[in-house]
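The values are calculated or read from the model by the stated rules, or taken from the named source; none is laboratory data. All values reported here derive from a predicted model rather than from experimental measurement. Positions of Cβ are generated from backbone atoms using ideal geometry, with glycine treated the same way; all protein chains shown enter the neighbour counts. Heavy atoms of the whole protein, side chains included, go into the accessibility calculation; ligands, DNA and RNA do not. Shrake-Rupley method; radii C 1.70, N 1.55, O 1.52, S 1.80 Å.
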Amino acid sequence: MFEKDATIGGCLTQKIPSWRLPREVALRDLSVIAALGIEVRTGVEVGRDIALSALREEFAAILLLPGFAGAQRLLSLLDGERPPRHRRLLAADPVTCETGLPGVFAGGDAVSGPATVISSLALGRRAAASAHRFLTGADPRAGALPALPSPLLWRLDIDEAERKRRERTPVMLQPFTPPLAEGEAVEEAKRCLDCSCGLCVKDCEFLASYCRSPKELARQVKTGVKDVLKMVYSCNICSLCAEVCPVDLDTGAMLLAARREAVRQGVGPLPAHKPIVSYYRAGVGATFTLAMSEPGRQRSKRLFFTGCSLPAVSPRNTLAVYDELRRNYPGTGVLMYCCGAPAELIGMEADFARTCQAIQENAERFGAEELIAACPDCAHTLKTGLPGMKVTTVWEALAGRWSPPALRAGARVAIHDSCKAHHEPAMHDGVRALVAGAGAVIEDVEYAREKARCCGSGGMIYPVDPKLSQRITQRRADESPLPMITYCAGCRSALASRGKETIHILDFLLHEGDIQAVARRKPTGSLARYANRLRTKWAFRRLQPTAAR
Ligand code: SF4
Ligand code: SF4
């Protein structure tokens, strides 16, 4: 055993005050180590006085138990390079506690983050049991305890000064403190985030179905995500709650983290998500994807990112908008690919990361620095997954440049803003400019722009709770008696499925026939959507026969 300090015991003997844990009790328990015949070398720090590689040569298995404070120091030894700044813990298998290096195990606060002494000891013991199985050649998972849940944190998106005012580290040095004066007690009580105003519940059909306050959901998730999967997968992840909450709590963000945790634990996504997973896999597979520079060029500074939905409902509109982009931005290429939203929204973070990587590589192949998305959902997802890439939408790129024929003189319409575009005022304005340019009169609904409500299909909830999804769609549809213009093909399908007169903006701007018939059109069926995607791909290929895939 190597110990960097002069005595063993770490925080048990050096940090925890003796009125909480009497030193003689801790020392008595620790004396078991010497009694077992274990050689203890104190004053030796791994990484400074002895290299991890040297330890690996000398010993058949290694347990790393450096405590929370020591984790950062050991990270670079395990990763072989400087770890990302946000990483502060050692990564270890949740069942075996084995690190990325065979035979090297880690446990305690260095893996879990600050925890109680009991849970740190339990995690150290789990690592030791795995090391024992490793040394005896047993199956490392045979007889192991079930995987540990990773800590789910619901981080308040508030400024640092406010956070510091609310959070306070308990002081353990004094066993007794005098009672608080009245004023101090009032101040102390103000630190509590009561989370019971109900503003978010009033505005959200999902919350109203499941709780009186999201803190109830937070408790359920914390207790065990596997027991509340239907609830976790029934939120639209639309962030309207964060818009109305006085302290910006985003319940959707918490439930998205819970979905990732469900996938890590092997209980998510749900069987009901199978068609979504298939749709996503098709969207990143060779059959339905395509990457090309503008015809006649090798490189393209920008790529028109079609996503899946627009090509699935209208190959003609997809090609028309590409023509317009080429006219305004010569050299624009095309990337027909799924943005990864389905994987991201059902918690499949590894798949989502791979999709982002593939999109990045395709962009680099053509020297593209910008993606122009056809859909606000794609734009939101691309911005999340590729923070270094410039991402915009067709509506922002073409506003003020494109003058489609004024086919809709005098038409009164409402706009359904996408909930994924809450913080995109340029997108809101761009869409309104194009619709007004077509001659229409816009009557905004109450829940517009940064307070837009979801169309009901967000968060992939339909297969999990179709009735809830339909209620949400109906509530949105009922916000205006006027036909609604959407700029997301998926939103159009959801609203049209409830019989709402809904028109995708490209149809509104370009369709020369009976627009009412278009508004009443049923959503495109599943098979037709796949066929349309192929048609779109072939149409692009006719423009650029050497397009990849
Ligand atoms: S999450 Fe925010 S809006 Fe909702 S009940 Fe809590 S404090 Fe109120
Ligand atoms: S993200 Fe949307 S659906 Fe989910 S709790 Fe918030 S408002 Fe409700």
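Return the only residue of Arg453, Arg365, Arg412, Arg432 being touching a strand residue (DSSP E or B) at 6+ places or on another chain (Cβ under 9 Å), within 16 Å of ligand 1 (Cβ to nearest atom) and among the charged types (D, E, K, R).
Arg453
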Which of the residues belonging to the stretch 268-279 are open to solvent by 30 Å² or more (accessible area, probe 1.4 Å) and not in a helix (DSSP H, G or I)?
-> Pro269, Leu270
Being more than 16 Å from ligand 1 (Cβ to nearest atom) and open to solvent by less than 10 Å² (accessible area, probe 1.4 Å) is the filter here, so list the residues in the stretch 230-267 that pass it.
-> Val232, Tyr233, Ser234, Arg259, Glu261, Ala262
Taking into account only those residues within the stretch 463-494 that are among the hydroxyl-bearing types (Ser, Thr, Tyr) and away from ligand 2 (no atom under 13 Å from the Cβ), which is farthest from Leu270 (Cα to Cα)?
-> Ser480
Scanning the stretch 215-229 for residues that are within 23 Å of Ala341 (Cβ to Cβ) and near ligand 1 (Cβ under 10 Å from one of its atoms) gives Leu217
Kindly provide the set of residues from the stretch 469-522 that are within 23 Å of Glu446 (Cβ to Cβ) and in a loop (DSSP other than H, G, I, E, B), ordered by number.
-> Asp478, Glu479, Ser480, Pro481, Leu482, Pro483, Tyr487, Cys488, Arg498, Gly499, Lys500, Glu501
Report, by residue number, each residue of the stretch 205-227 that is in a helix (DSSP H, G or I), among the hydrophobic types (A, V, I, L, M, F, W, C), within 11 Å of ligand 2 (Cβ to nearest atom) and farther than 18 Å from Thr473 by Cα.
-> Leu217
For residues that are in contact (Cβ under 8 Å) with a residue 24 or more places away in the chain, surrounded by 14 or more Cβ atoms within 10 Å (Cβ to Cβ) and not aliphatic (A, V, I, L, M), scanning just the stretch 3-56, find the one that is farthest from Gly67 (Cα to Cα).
-> Arg56
Go through (1) surrounded by 12 or more Cβ atoms within 10 Å (Cβ to Cβ); (2) in contact with a helix residue (DSSP H, G or I) (Cβ under 8 Å, 6 or more places away or on another chain); (3) not β-branched (Val, Ile, Thr) one by one and return the number of the condition Ala60 breaks.
-> (1)
Looking at Ala547, Ala517, which is the one that is open to solvent by less than 10 Å² (accessible area, probe 1.4 Å) and at pLDDT below 95?
-> Ala547
Set Lys202, Lys230: member being outside any loop (DSSP other than H, G, I, E, B), of a type in the set (Lys, Arg) and either under 19 Å from Leu345 (Cα atoms) or within 9 Å of ligand 2 (Cβ to nearest atom) (or both) = Lys230
Of residues in the stretch 140-198 being among the polar types (S, T, N, Q) and farther than 30 Å from Ala61 by Cα, the one modelled with the highest pLDDT = Ser196
